[in-house]
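*Asks:* Handing you this structure, nothing more for now.
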Amino acid sequence: MPMATYFTLIFVALLLLMLGLKYWLALRQIRHVAAHADAVPAQFADRVSLDAHRKAASYTIAKQRLGLIEATVGAALLIALTLLGGIDLIADRLAQLVGRGFAFQILIVAAVVVVTALVDLPFEWYRQFSLEQRYGFNRMTPRLFLIDLAKSVVLAVVLGLPLLAVVLWLMEKAGAWWWFYAWLVWAGFSLLILVLYPTLIAPLFNKFEPLKDATLAERVQQLLSRTGFSSRGVFVMDGSRRSSHGNAYFTGLGRAKRVVFFDTLVQRLSAPQIEAVLAHELGHFKLRHITKRLLVTFASSLALLALLGWLANQAWFYAGLGVTPALDARNDGLALVLFMLVLPVFTFVLAPLASLFSRKHEFEADAFAARHASAADLVAALVKLYEDNAATLTPDPVHSAFYDSHPPATIRIERLLGAAG
């Protein structure tokens, strides 16, 4: 049996495994959440109303059902682009227009990205204007949605296309070690974006204002001082323009880093609760979680680019995915776009490891917050956020272990209450 056939069988088997796991996990989550929808966990009985608990259950189930449809459509699109000849069809049309030169290498990647984005777009629209609207979270207008989309497209063209062109140029000109030079370019580009994002990119979509509440600002500054954290400031973002969900996060790198609160979070939480949430976010920074995640990302991307450097020269890689490589021209664009498309199929089973890694960091950040602020206030803040964001308090344990970047609410709160006691 030819190597290409073996690869096709492995690809199809892993795709079916991924799709089967997604269905199994989603159905587990739906059944588990529905079975516990009529009783608030005892741990939250005095904090969360039954109506809020039922809303969270319904919202969670609705998201899972939409996710099942997205997974099915995504798998069908992948098969259509690969084994059913979609990429070959696009490549033939482009070759007729521009030949098989460097322009073709850029356009084949861009064309497939556009196709996948167009397939995703109706789901994004439905999620925003049907699902989120139904549960009272949407505050975005269709006009703002389209403006955001246009800005995202412009950014992709301005930032993404030059990066793509450099990588493809290196694939053609830099010899056998092109993948290492491409990794250096990608790593440098990623770090540059982290530095530029707070001041140049994020303001294209949201307004950021310094924290105006003088009492809260003083409290925040004292926390920053006693934890040894310096930043370009604490800012409030107008997240309420798009959603009623609340959040807080760090952004930037080095001297450009800043703390950002959603305005919805500032409106809903008390000053001590905001301080506790900030202490949790500071924990991620002080415990070097961001640095560790960057290092893991850079190391894994180096390994993956090295793998691509080998696969790009293997005829069975293309044939096994239903694509006919050119015999008299380079196939760099085809190799890159195929690798991008099928990589999630081959790495999906590793998702629980990433989730475990992330949950470990969340526990550590909670412990840091308990030491430098009030564990009880962090508990109160988390419960409000769970309720306001309609996050289920009763996730299926297997689904949570596979997907969730944060620990289940009951376990997380139990640890914090232990710290408070």
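Read-outs throughout are calculated quantities, based only on the coordinates presented, and are distinct from any laboratory measurement. A quick note: this is a predicted structure, and the numbers were derived from the prediction, not measured. A quick note on method: Cβ atoms are made from the backbone with ideal geometry, for glycine too, and the neighbour counts reach across all protein chains shown.
*Asks:* Taking the Cβ of Arg219 as the centre, find all other residues whose Cβ is under 15 Å away and add up their charges (Lys, Arg: +1; Asp, Glu: -1).
*Replies:* -3
*Asks:* With each label point set 7 Å from Cα along the Cα-Cβ vector, what nm distance links Phe363 and Leu184?
*Replies:* Rounded to a tenth, the inter-label distance reads 4.0 nm.
*Asks:* To test your reading of the geometry: what angle, between 0 and 90 degrees and rounded to tens, separates the Cα axis of helix 102-126 from the longest principal axis of the chain?
*Replies:* Approximately 40 degrees, to the nearest 10.
*Asks:* Mind checking the full-extension length gain between Arg371 and Asp120? Use 0.36 nm per residue of separation minus the Cα-Cα distance, one decimal, nm.
*Replies:* 86.0 nm
*Asks:* So which trypsin sites (Lys or Arg not before Pro) in the stretch 287-340 are both in a DSSP loop and have at most 13 other Cβ atoms within 10 Å of their Cβ?
*Replies:* Counting only loop positions with at most 13 other Cβ atoms within 10 Å, the trypsin sites (Lys or Arg not before Pro) in the stretch 287-340 are Arg288.
*Asks:* From the residues Leu163, Ala176, Thr141, which one has its Cα farthest along the dipole of the stretch 120-199 in the positive direction, the dipole being from +1 and -1 charges on Cβ of Lys/Arg and Asp/Glu about the Cα centre?
*Replies:* Comparing the listed Cα positions along the dipole, Thr141 ranks first.
*Asks:* Of Lys286/Lys384; Lys22/Lys173; Lys212/Lys360; Lys207/Lys384; Lys212/Lys292, which sit over 30 Å apart, Cα to Cα?
*Replies:* Going by Cα-Cα distance, Lys22/Lys173; Lys212/Lys360; Lys212/Lys292 fall outside the 30 Å limit.
*Asks:* Kindly express, to the nearest 10 degrees and within the range 0 to 90, the angle between helix 178-196's C-alpha long axis and the longest C-alpha principal axis of the chain.
*Replies:* Value to nearest ten degrees: 30.
*Asks:* For Leu84, enumerate residues with amide H under 5 Å from its amide H, sequence gap 5+ or separate chain, H modeled in the peptide plane.
*Replies:* none
*Asks:* While we're here: Helix-only estimate, please: 222 nm mean residue ellipticity of the chain, summing -39500 (n - 2.57) across DSSP H runs of length 4 or more and dividing by its residues, to the nearest 500.
*Replies:* Computed mean residue ellipticity for the chain: -22500 deg cm²/dmol.
*Asks:* Same structure again: Could you tell me the relative contact order of the chain? Use alpha-carbon pairs under 8 Å, at least six residues apart, and round to a whole percent.
*Replies:* 25 percent
*Asks:* Bin width 20 Å, origin at 0, all Cα-Cα pairs of the chain: what percent of pairs per bin?
*Replies:* 21, 54, 23, 1
*Asks:* Using 0.36 nm times the number of residues separating Ser270 and Ala71, minus their current alpha carbon distance, what extension gain do you get?
*Replies:* Answer, rounded to one decimal: 67.7 nm.
*Asks:* Per the Kirkwood definition applied to all pairs of different Cα atoms, how many angstroms is the hydrodynamic radius of the stretch 122-253?
*Replies:* When all Cα pairs of the stretch 122-253 are included, the Kirkwood radius is 18.2 Å.
*Asks:* Using a 10 Å cut-off on Cβ atoms, rank the peptides 312-319, 164-171 from the highest mean neighbour count down.
*Replies:* 164-171, 312-319
*Asks:* Right, something else. Expressed as a rounded percentage, what relative contact order does the stretch 183-319 have, with Cα pairs under 8 Å and six or more residues apart?
*Replies:* Taking the mean separation of contacting Cα pairs over the length of the stretch 183-319, I get 23 percent.
*Asks:* How high is the FRET efficiency from Ala391 to Val12, r the C-beta distance, R0 30 Å, rounded to 0.05?
*Replies:* Once rounded, the FRET efficiency stands at 0.25.
*Asks:* Label point 7 Å out from Ala45 along Cα-to-Cβ: which residues of the stretch 379-396 have amide N under 18 Å?
*Replies:* Correct set: 393-394.
*Asks:* May I pose another question? Can you say what percent of the DSSP beta bridges in the stretch 212-305, counting only those with both residues inside, are antiparallel? Round to 5.
*Replies:* 50 percent
*Asks:* For Trp177 and Met340 in one chain, what is 0.36 nm times their gap in residues minus the Cα-Cα distance, to one decimal in nm?
*Replies:* 56.7 nm
*Asks:* Now for a different question. Once the Cα atoms of helix 351-372 and of the chain are each reduced to a long axis, what angle between those two axes, in degrees from 0 to 90 to the nearest 10, is obtained?
*Replies:* Here the helix axis deviates by roughly 30 degrees.
*Asks:* Based on the alpha-carbon gyration tensor of the stretch 201-302 and its eigenvalue square roots a ≥ b ≥ c, which shape applies: rounded if a/c is under 1.5, prolate if not and a/b is larger than b/c, or oblate?
*Replies:* Since a/c reaches 1.5 but b/c is at least a/b, the shape of the stretch 201-302 is classed as oblate.
*Asks:* Of the DSSP beta bridges with both residues in the chain, give the percent that are antiparallel, rounding to the nearest 5.
*Replies:* The antiparallel fraction comes to roughly 65 percent.
*Asks:* From the square roots a ≥ b ≥ c of the eigenvalues of the alpha-carbon gyration tensor of the stretch 1-146, which class results: rounded (a/c under 1.5), prolate (a/b over b/c), or oblate?
*Replies:* The shape class here is oblate.
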